[in-house]
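Every number in this text was worked out from the coordinates using simple rules, so none of it is lab data. Source: prediction; values computed, not measured. No Cβ is skipped: glycine too gets one built from the backbone with ideal geometry, and neighbour counts run over all protein chains shown.
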């Protein structure tokens, strides 16, 4: 078995590298940008999830079908580049400067979030609104906000910053990520155990290009039909009725069924419920069982059972009867779970560092392997120089935007913390296949508060604090598929231009259709206020005379006690030889609402104890394709919904 794994980890060196980027991949990128992206935006606002694997699968299948009818044979390199192109174009975007909210729809989702934050009642009640800088978002009294349009001069600087950030980030990411790959793969020769799985999964898409029907296609088609049927009830009905009624009709409560108020007499301050998207159950099929099991245990024992215990002993103080899941999550986080989250991050980060040190201590001296010919390499010093320059530009921009903030902290984030975390993460990917905890939570927030700086603008600045460790595994996957690295560079920057234009275009249209959030978008209406509360609390903590709830919520005693408990739990799991994924699942479950953990656990139980026995060994190969097929069908019906909504809203505006 060990010999087999060793063979699987290394590519066939006799196979040459090919360029996977060409005119066909550009057409695929345009298809994703103009067809997939608006569907991803709309689904993100309604259900909280984007197209997921639908973008990759639909685009690849469409490209393959066109090629078959044109008598063109597609190389696996082309298919793989299209696959990662789709992921890049439709992937969720982290809101710049907050670090707390992930939205679908590309770069301009950042500005949509900020237009909500600046006019939210929470920013106003906490006194944040007048302190939000205009280079981040126009004031709430601006016509740019009132008329819900990006075509206004007050958006010029925020849009320019978004574009600069996206370009700089990719340069920073590719340069440091490539250097980490060369160190961990070529010199240290780490195995990257999950890279062959990912590359083989992407390469298997090439089977669709054959003219014979494969089992993958049958499984995928059935799963897609399930996604289409469920999506018709879950997405189409609320979308269509939302065009005709003030409040859309929801056959399934979006995003979840909440039992928090029903159980409060037995479990005061406890939360429980389940999300209504069956995609959560299918996700439980795919994720490792022990990770899902740990997540469920962590979520239930912290939020459902732990909250009532903490309330009875007086640690949770601000809970009131009648609170639903969102307000309960806010007050319990402030009273205790914020400190537990900080402690878990510190413990997991220290474990990651310890594993890195031990792996260095135990490894034998190795000589760097010879660089494969035609892989698309360039000198590591040039990569490090590009990373240095891009980081320096980030620091200069931050200093211009926030001139009174200590420059040395920008230097610390960009030149010390980013490479340290990225390298440690890359080694974890290389050794275990996943980045098992190499991030220290709230370092950014603590630095802002402890710096003594007074002002809210620092919370909106593009701080150069990144973790690029996953890029090492991504480069390894390119090597395994024999795809030139330059293909990825060209594809990513082409996708960037398409994404910026399409994100601007479709967010502009959808924002004009209805305020975001509103009853038209159930998920955003329910979940965005919670993120706005935490953003406002953090940002006002550095104001002169501002709210100090976040500072007062942080308790060193609770952090230390929680950290000791988690460290003991880690060693108990190691002693009893329980899979380590269980520990990391528990850590993740602490920050997870039970509504998400419960259906994932149901899916994991079905997969492990029923489906695997019913179907046999092939079930392991079916699972990811079932989830991808469901995501494809769900995404397709979502795109039909957004098309109908866009046409209907356009007609209504023309009539009136």
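How much length, in nm to one decimal, is gained on full extension between residue 489 and residue 218, taken as 0.36 nm per residue of separation minus their Cα-Cα distance? Mind showing how you got there, number by number?
Values: separation 271, 0.36 × 271 = 97.56 nm, distance 3.40 nm.
Full-extension gain reported as 94.2 nm.
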- At 0.36 nm per residue, minus the direct Cα-Cα distance, what do residue 408 and residue 318 gain on full extension? Give it in nm, one decimal, please. 28.6 nm
- If R0 is 35 Å, what FRET efficiency do you get for residue 544 and residue 34 from their C-beta distance, rounded to 0.05? 0.15
- Work out, step by step, the length gained on full extension between residue 420 and residue 576: first 0.36 nm times the residue separation, then minus their alpha carbon distance; give nm to one decimal. 53.0 nm
- Find the centroid of the Cα atoms in the range 285-328 and in the range 501-527, then give the distance between the two in whole Å. 31 Å
- Query: Measuring from label point to label point, each 7 Å out along Cα→Cβ, what is the residue 382 to residue 609 span in nm?
  - Reply: 5.7 nm
- Task: Would you mind putting 75-82, 268-275, 382-389 in packing order, based on average other-beta-carbon counts within 10 Å, highest first?
- Result: 75-82, 268-275, 382-389
- Tell me, what is the FRET efficiency for residue 156 and residue 501 to the nearest 0.05, using R0 = 22 angstrom and their Cβ-Cβ distance as r? 0.85
- A correct fewest-to-most ranking of 116, 610, 630 by other Cβ atoms within 10 Å would be 610, 116, 630
- So, in nm, how far is label residue 564 from label residue 509 when the simple model puts each one 7 Å beyond its Cα toward the Cβ? 5.9 nm
